[in-house]
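The numbers here are math on the coordinates, done by the rules we state, and not lab data. Remember, it's a predicted structure, so these values are computed and weren't measured experimentally. FYI the Cβ positions are ideal-geometry reconstructions off the backbone, even for glycines, and counts take in every protein chain you see.
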């Protein structure tokens, strides 16, 4: 079952990425999106994470990480973006090799930070005088504290691997800005402070 799920998760074909034709012209649900939801829910259980990471080949897992990092940067698709956060966070916390492989994906750390920064921006926007505009633009919603904690924990899992510390070099100022933001939830800020502490030890 996992072999099939992982196949569809990284499959580049139109059959995987296009919406199901039977759902009508306005449908957004594709096989890949359905698989992403399934994998993100499965990964909540530690034993499922072990099974996912043990399903060969490793090159396909690397493609999975790359695909999830790409979803992380897609602001127009908040549902897939959040599912990618869940999956990456759970896999990174499950194994140091996975955490290393995720960290070396181009944009992985920057996109996780971007997810947190976008949520801060949305919170600030919501609290500003533009609240009326916000009502007319419901897509610009702050993400939940739980999702922000997951993104922060993903960063912490990456930072726990010594070899990854160099990957964080360019992002220290952004991490610091997030950690001291008065709009950031204190639990999330604490996790980001832990990230800064770990990378500061190298």
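Assorted remarks:
- Sum of -39500 (n - 2.57) over DSSP H runs of 4+, divided by residues of the chain (222 nm, nearest 500): -21000 deg cm²/dmol
- When 71, 115 are arranged by Cβ crowding within 10 Å, least crowded first, meaning fewest neighbours, the order is 71, 115.
- Structure-derived Cα extents along the principal axes in Å - corresponding label in [x] 47, 45, 27; [y] 44, 34, 29; [z] 64, 37, 30: [x]
- Taking the Kirkwood radius as Rh and the Cα radius of gyration as Rg, segment 15-55 has a ratio of Rg/Rh equal to 1.16.
- Ratio of the Cα radius of gyration of segment 1-88 to 2.2 N^0.38 Å, where N counts its residues: 1.06
- Normalised by the number of residues in the chain, the mean separation of alpha-carbon contacts (under 8 Å, six or more apart) gives a relative contact order of 17 percent.
- For segment 62-109, the alpha carbon convex hull comes to 57 Å³ per residue, rounded to a whole number.
- Ordered by the count of other Cβ atoms within 10 Å of each Cβ, fewest first, 68, 83 give 83, 68.
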